Amino acid sequence: MAASASIRALLDKAIDYAGMFPPCALQLEPALRNQASYVRSPEAWMLNGFVLPVEQFDAARQFLSEFDPQHPLRVAALGPKTLKADAFLDGLGKAETAIGSLSRSNVDLVSVSHLEMFLPDDVDPSSLKEVRAIVGKLPVFWEAPSEKAEQTIALIAGHNFDDDTPTFGYKLRTGGVTADAFPTSAQIACALVTAATHQLPIKFTAGLHHPIRQFRDEVKTKMHGFLNVLGAAVLAAEHRWGADQAVTMLEDEDPRSFSFTDDFFAWRDWKIDTERLQYRRKFVKSFGSCSFDEPRDDLRALNLL
């Protein structure tokens, strides 16, 4: 079955392949070989970047021959995690140097789509101005815990408002390998609605292997579904939902609530047409997943691919 125009719009470049991270935790070489096969697959349209820590950039160069100009390596750069603003700015400078070096090393085979990095508590608006001077126009997603989502989004949005090239967004962790790593639906809803209010780009990482929310024995809890999360993000923005409405969608475990046609995507009675969906996706970017196979297999099982 061919994917409808609306599912293609919702999932276009939506998956950052994070094969080197738990639970898959592959070594660099097999993960890059997977990426090289995925970029040549019929579902390559769903792929965004290959999540690569900046300290692995040099090691990755020896595997660039796996790619070609028609199937290049698109990197989602992952900066070091620091807990204080001074170490953060130092780590960011090193990350930017590594990104510049990799981007210049083989322009036909590799590019860096964006940087992702943890934002320490003591980073303030003046620190973000220093950050902009370091990273230039590179899009960056700043990660902060779900309980700090509102204040972090407001901080980033304030910087974007004052900036000529607003390319900073927020990154939300949506799971992990243990039950306590999963934020509540209310926490995710708060982040989605706050980001939509500020028209701030948002992306997600971890725990979104499956399209629809479901209990998973391997983590002994309910995993959030990527159709729930991405869908709630675009519908919340389009229809100016409050957090309660977003929670209802995030907690829906019935695949029949979701419908995709060439003209629109709908959840229950809420609709967004495909053209508006493409526009909303400018602000709802992607999610990191250690598997590219599980999402595709599940979508096929739901007759969506």
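Between the beta carbons of LEU26 and ASP263, assuming R0 = 30 Å, the FRET efficiency works out to 0.15 to the nearest 0.05.
Dipole of the chain, Cα-centred, from +1 at each Lys and Arg C-beta and -1 at each Asp and Glu C-beta, to the nearest 20 debye? Could you put the intermediate results ahead of the total?
Numbers: 32 positive and 41 negative charges, 71 e Å.
Around 340 debye, computed over the chain.
In this structure the amide hydrogen of PHE204, modeled in the peptide plane, comes within under 5 Å of the amide hydrogens of LEU172, SER286, PHE287, GLY288, none closer than 5 places in sequence on its chain. The label point for THR248 and the one for ALA2, both projected 7 Å from the Cα toward the Cβ, are 3.5 nm apart.
For segment 133-272, the normalised intensity computed at q = 0.13, 0.18 Å⁻¹ comes to -0.57, -1.01 (log10 of I(q)/I(0), Debye sum over alpha carbons, equal scatterers, no solvent). Between GLN199 and SER65, the simple spin-label model (points 7 angstrom out along Cα→Cβ) gives 4.8 nm. Considering only ALA18, ALA44, ALA87, the Gaussian network model of the chain with Cα springs below 10 Å gives its largest mean-square fluctuation to ALA87. Working note: Debye formula, equal point scatterers on the alpha-carbon atoms of segment 72-222, no solvent; log10 I(q)/I(0) at q = 0.11, 0.17, 0.20 Å⁻¹ is -0.47, -1.02, -1.25. For the chain, the orientation-averaged shadow of the C-alpha convex hull comes to 14.6 nm² (one quarter of the hull surface). Taking the chain as the region of interest, the number of lysine pairs whose Cα atoms are within less than 15 Å, with members eight or more places apart or on different chains, is 12. Scanning residues 5 or more positions from LEU305 or on other chains, those with amide H under 5 Å from its amide H are ARG300, with H placed 1.01 Å from N in the peptide plane. Between ALA181 and GLU294, what is the FRET efficiency for a Förster distance of 25 Å, r being their Cβ-Cβ separation, to the nearest 0.05? Computed FRET efficiency for ALA181 and GLU294 comes out at 0.90.
Rg and Dmax of segment 1-112, both derived from C-alpha coordinates alone, stand at 15.3, 52 Å.
How much mean residue ellipticity at 222 nm does the chain get from its helices, if each DSSP H run of length 4 or more adds -39500 (n - 2.57) and you divide by all residues, to the nearest 500 deg cm²/dmol? Display every interim value, and only then the final one.
Details: 11 runs with 121 residues, N = 305.
After summing the helix terms and dividing by the residues of the chain, the value is -12000 deg cm²/dmol.
Compared with the direct C-alpha span, the chain from ASN106 to ASP122 gains 2.1 nm at full extension, assuming 0.36 nm per residue.
As an exercise, identify the trypsin sites (Lys or Arg not before Pro) in segment 11-70 lying in DSSP coil whose Cβ has no more than 12 other Cβ atoms within 10 Å. Walk me through the intermediate numbers first.
Working: sites: LYS13, ARG33, ARG40, ARG61; in loops: LYS13, ARG40.
Sites meeting the loop and neighbour criteria: ARG40.
Over all other residues within a Cβ to Cβ distance under 10 Å of LEU109, the charged ones net out to -2, with Lys and Arg as +1 and Asp and Glu as -1. A 1.4 Å probe over all protein chains sorts CYS190, CYS290 by accessible area into CYS190, CYS290, starting with the largest.
The distance between label points at GLU275 and ALA44 comes to 3.0 nm (points 7 Å beyond Cα on the Cα→Cβ vector). Find the cysteines in the chain that fail to meet the 4.7 Å Cβ criterion with every other cysteine, and list them. Within the chain, the cysteines lacking a partner Cβ under 4.7 Å are CYS190. Shape class for segment 220-305, computed from the alpha carbon gyration tensor (a ≥ b ≥ c): rounded, with a/c under 1.5.
Across the chain, Cα pairs under 8 Å and at least six residues apart give a relative contact order of 21 percent.
Could you tell me the calculated FRET efficiency between ALA133 and LYS222, based on Cβ-Cβ distance and R0 = 45 angstrom, to the nearest 0.05? Don't skip to the answer; put the middle values down first.
On the way: r = 43 Å, r/R0 = 0.95.
Using R0 = 45 Å, I get an efficiency of 0.60.
The values are calculated or read from the model by the stated rules, or taken from the named source; none is laboratory data. Note that the structure is predicted; figures quoted are calculated from it, not measured. Virtual Cβ from ideal backbone geometry, glycine too; neighbours counted across all protein chains shown. Just the protein is used for accessible areas: all its heavy atoms, side chains included, with ligands, DNA and RNA removed. Shrake-Rupley method; radii C 1.70, N 1.55, O 1.52, S 1.80 Å.
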